[in-house]
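Presented below is the structure to which this report refers.
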Amino acid sequence: MLLERVLVLLYFAGCIGIGIAASRRVRGSGDEYWVAGRRIGTLVNAMAIMATLASGGSIIGVMGLAYSQGIPATLALFAGAVVGFPLASLLVARELRNFGRYTITDFLAFRYPSSVVRTLVPILIVIAFTIYIVAQLKAAGITAETLLGIPFEQALTVATLVFVIYVSFGGMVAVTWTDVFQGFLMLVVVLGTGLWFLWEVGTPLELMRRATAVAPELGRVEHRPVASYLGYFAIWATAIPVIPHIVMRVFTARDARGARLSLNLAMLAYSALILAAVFLIVPVGKLEFPGLADADQVFLKVMESRFPPVIRGMAVAAVLAAVMSTTDALLLACSSAISHDLLGNILREKASQRTIDAVRVGTAWVIGLLALYWAYSPPELISQFYTAGVGLLSGSLFVPVIAGLWWKKANRIGGVLALVTGALTYVLVHFQILPVGMAPILVSLGASALAMAAGGLFGPPESREMIEAIEKLHAL
Amino acid sequence: MLKSFFPMDRAEALALAFLVAFSVFSFLPAWRSEEIAGMAVFGWLMAALMVLSPALALWVFGRPGKR
């Protein structure tokens, strides 16, 4: 395992080096720290977006799920996020890029000026993203423990310190550069492995025929009703247009067209990654290791049996890269929710630039270390909680954002009602305090839309100035 | 009714409608039992959606008139 460990250490050193280099550029500038100066080109942004979405679950998890529950069910889960990106590019990308601030809270607080919005939105983001970060840290610890033989706590601590260092000091510039590096590594390893198997067998259809002849469950939908996947599909499809770590990427683009193109280019790359994993690597795993007790081991088993140590080392680094490229963006978004959304007004009025810089760095460290502390003994169902956390954000933010951009009758009272109703309904249905027998996301989106409609139709009409301001966002 | 909404480019509105319709179509229960090359049609539709949806959006935003 020595070679694998050396490769991973080199990868960590590269990430810290990028963070230190970026810190010189971002010091003293909110624009540079939060949105990389709004100068990220389309292809670089696309790669960074792909890496941000592709978490540990997109490599280890997707293959384990396909192995144990079949390819159709797995694709249903991942297709929701992919569809979410075209939705984001059609519904919000141009308008939010033209709005030209830093966070989704900035837009909502502008569209629905209220202390409820300014306070509740960042609190929801911090709750949901802390859970999300802990889930990712757990995945990083398990991966390093399994593949490198390093104890869980040590692996967790080292990985967390590395990304907290480069996020806290380098901001969005460091996150973008490391994400590009990490995304490239993921694509090379997964597509390279998939293409190698394709070259051996001939066509994906032939590989599927062989695998499903031995293990027909791989191609069937038989573990759960399709309807149960509709909830997951809807969570991710509606989350992507409003989820903060993706929306921040829209703000980093050079212009609205660049933002729209990069979102969709990212999804072509992400789809290639997922499809190569489930159609080319999983069938080989099913043929060679048909009875794995832990389905999440299938990728690692295939790499171990087919490739030399150098490639295996790259595979370990790719899995860690997938985890870190998501976690760094989550940490930055979570940090912005506190130091920009919640404390921003106070800091701008009363603090020096040096203090503002210190608060940004300090916030990232506090969140990172708290998440690390929690991740030492994470709840068993943390992976399910993080999807619920994303659902909470989606259920509360989707309707206010979309209606705020497209419905002329959306007003302050409607926006506040939709936000609060969406969040409350999601929590009540998720914890079965309100048992309705439907996916929480579908209920909360419906309730949030009704609340928005009630506020818009029966509340005071929106001001002419606000309508004109939104018209400008569409027109630019 | 439509006057209550900000206008959307026609091609973008059609792309949005196509994405929603394709997603609904893919989740119809009939596609669970039909199989092609050993896999349920539902799985092939999901795979197609993953490629078609970003490709369609790229085509819409990459049209010469959109530059």
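Please treat every number below as a calculation from the coordinates, not as lab data. Here the structure is a predicted model, which means the values were calculated and not measured. All Cβ positions, even for glycine, are placed from backbone atoms using ideal geometry, and neighbour counts span all protein chains on display.
A compact table of results
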item: Cross-link partners of A:Lys408 among lysines (Cα-Cα below 17 Å; sequence separation of 8 or more within a chain); result: A:Lys472, B:Lys3
item: Contour minus Cα-Cα distance for A:Leu370 and A:Lys301 (0.36 nm per residue); result: 21.5 nm
item: Neighbourhood net charge (10 Å Cβ-Cβ; Lys/Arg +1, Asp/Glu -1) for A:Phe251; result: +2
item: Förster radius 56 Å - calculated FRET efficiency between B:Ala30 and A:Leu9 (Cβ-Cβ, nearest 0.05); result: 0.60
item: Spherically averaged projected area of region A:187-320 from its Cα convex hull (nm²); result: 10.5
item: Contour excess over end-to-end distance, with Cα ends at A:Ser377 and A:Ile346 and 0.36 nm allotted per residue; result: 7.6 nm
item: A:Thr355/B:Ala17 FRET efficiency (R0 51 Å; Cβ-Cβ; nearest 0.05); result: 0.50
item: 10 Å Cβ neighbours from other chains, averaged over peptide A:71-84; result: 6
item: For peptides A:180-192, A:201-213, A:69-81, sequence by mean Cβ density within 10 Å, most packed first; result: A:69-81, A:180-192, A:201-213
item: Fewest-first sequence of A:Lys350, A:Lys286, A:Lys409 by Cβ atoms within 10 Å of each Cβ; result: A:Lys350, A:Lys409, A:Lys286
item: Amide H partners (placed H, <5 Å) of A:Leu343, local residues excluded; result: none
item: Between helix A:464-475 and chain A: long-axis angle, C-alpha atoms, 0 to 90°, nearest 10; result: 30
item: Length added when fully stretched, A:Glu145-A:Leu450, from 0.36 nm per residue minus Cα-Cα; result: 105.0 nm
item: Likely footprinting exposure, A:Arg220, A:Arg38, A:Arg360, fewest C-beta neighbours within 10 Å first; result: A:Arg38, A:Arg220, A:Arg360
item: Estimated D of chain A in µm² per second, where Rh is the Kirkwood radius over Cα pairs and Stokes-Einstein applies at 4 °C, 1.567 mPa s; result: 57
item: Nearest-ten-degree value, helix A:440-458 long axis tilted from longest Cα axis of chain A; result: 20
item: Overall Cα dimensions of region A:160-211 - principal axes, largest extent first, Å; result: 50, 17, 13
item: Net charge, A:Gly459 excluded, C-beta distance under 15 Å - Lys, Arg +1, Asp, Glu -1; result: +3
item: Descending semi-axes in Å of region A:110-193, equivalent ellipsoid built from Cα gyration tensor; result: 31, 18, 13
item: Point-to-point label distance, A:Phe152-A:Arg210, nm (Cα→Cβ direction, 7 Å offset); result: 3.7
item: Debye intensity ratio in log₁₀ form over the Cα atoms of region A:11-106, taken at each q of 0.12 Å⁻¹; result: -0.60
item: Cα-based helix-to-principal-axis angle, A:115-148 vs chain A, degrees rounded to 10; result: 10
item: Percent of alpha-carbon pairs separated by more than 13 Å within chain B; result: 70
item: Exposure proxy ranking, count of Cβ atoms within 10 Å, fewest first, for A:Ile243, A:Ile16; result: A:Ile16, A:Ile243
item: Region B:9-62: relative contact order in percent, alpha carbon pairs under 8 Å with at least 6 residues between; result: 38
